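Below: the structure, in structure tokens.
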Amino acid sequence: MSSTITREDVDDLLSEEQISLEEPPAEKDDCIEYLLDLVVETGRVSDRERALDALLAREEQTTTGVGMGIGIPHAQTDAVERPSLAFTRSSAGVDFGSMDDEPAKLLFLILVPASGGEDHLEILSALSRALMHEEVRDGLYAAETPADVQSVLEEAVA
């Protein structure tokens with residue numbers, strides 16, 4: 001992966017199958033499992049339990065609720081072969097313990113290989129920068145299809 005995220009990277013990181021516009025579970029750990037299963041179902045995760053353990057261990061370190069209604073659980077693990085994202089949104093929100101005390105309504109999961117420290121930081125940074133923009137968040141709330149979600153993110157990184 002290059003030092004910046006491109007439109008092509010969005011498609012590679014986040015396939016339509018890794019996007020759910022259905023209501024996720026209301027509890028944080030269940031929601032993380034829900035997002036993980038979107039990646040598992042595409043065959044990108046070799047060991048679901050190890051990936052889940054890495055995500056929950058990261059969650060124990062400090063919250064991944066970044067504020068503004070956004071949650072980004074993430075982990076590096078040898079249970080994934082290549083960097084991957086998953087996305088869902090919650091109408092009621094999920095309590096991720098964010099500093100602004102707002103529930104997370106836009107939820108992304110990031111998984112990268114254990115050796116992918118630079119990719120991990122670049123994906124997290126690019127996603128966080130994009131989500132700082134109200135029009136990007138509004139576009140994700142308004143998306144009617146997984147392709148719409150991809151389009152919003154592609155525009156945000158262009």
Worksheet item: Rounded, prolate or oblate: which fits the stretch 57-103, taking a ≥ b ≥ c as square roots of the Cα gyration tensor eigenvalues, rounded meaning a/c under 1.5, else prolate when a/b beats b/c?
Response: oblate
Worksheet item: Where in the stretch 15-60 are there GluC sites (Glu not before Pro) that are in a DSSP coil and have at most 10 other Cβ atoms within 10 angstrom of their Cβ?
Response: E22
Worksheet item: Carbon-plus-sulfur fraction of the accessible area of the stretch 25-88, 1.4 Å probe, in percent?
Response: 44 percent
Worksheet entry | Residue-averaged [θ]222 nm for the chain, counting only DSSP H segments that reach four residues, each worth -39500 (n - 2.57) | -13500 deg cm²/dmol
Worksheet entry | Mean accessible surface per residue for the stretch 75-158, computed with a 1.4 Å probe while every protein chain stays in place, in Å² | 46 Å²
Worksheet item: With r defined as the distance between the Cβ atoms of E135 and A57 and R0 fixed at 41 Å, what FRET efficiency is calculated, to the nearest 0.05?
Response: 0.75
Worksheet item: What is the spin-label model distance, in nm, from E16 to E144 if the labels are put 7 Å beyond Cα along the C-beta direction?
Response: 1.5 nm
Item to complete: Percent of Cα-Cα pairs per 10 Å bin, from 0 to the last occupied bin, for the stretch 22-87, please list those.
Response: 20, 57, 22, 0
Worksheet item: What is the Cα radius of gyration of the chain over 2.2 N^0.38 Å, N being its residue count?
Response: 0.93
Worksheet item: For the stretch 98-158, what class follows from the C-alpha gyration tensor (a ≥ b ≥ c being the square roots of its eigenvalues): rounded when a/c is under 1.5, otherwise prolate if a/b is larger than b/c, else oblate?
Response: oblate
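The values are calculated or read from the model by the stated rules, or taken from the named source; none is laboratory data. Every value quoted in this text rests on a predicted model; they were computed, and no experiment measured them. Glycine also receives a Cβ, built like all others from the backbone with ideal geometry; neighbour counts cover every protein chain displayed. Areas reflect the complete protein model, heavy atoms only, side chains present, ligands, DNA and RNA absent. Shrake-Rupley method; radii C 1.70, N 1.55, O 1.52, S 1.80 Å.
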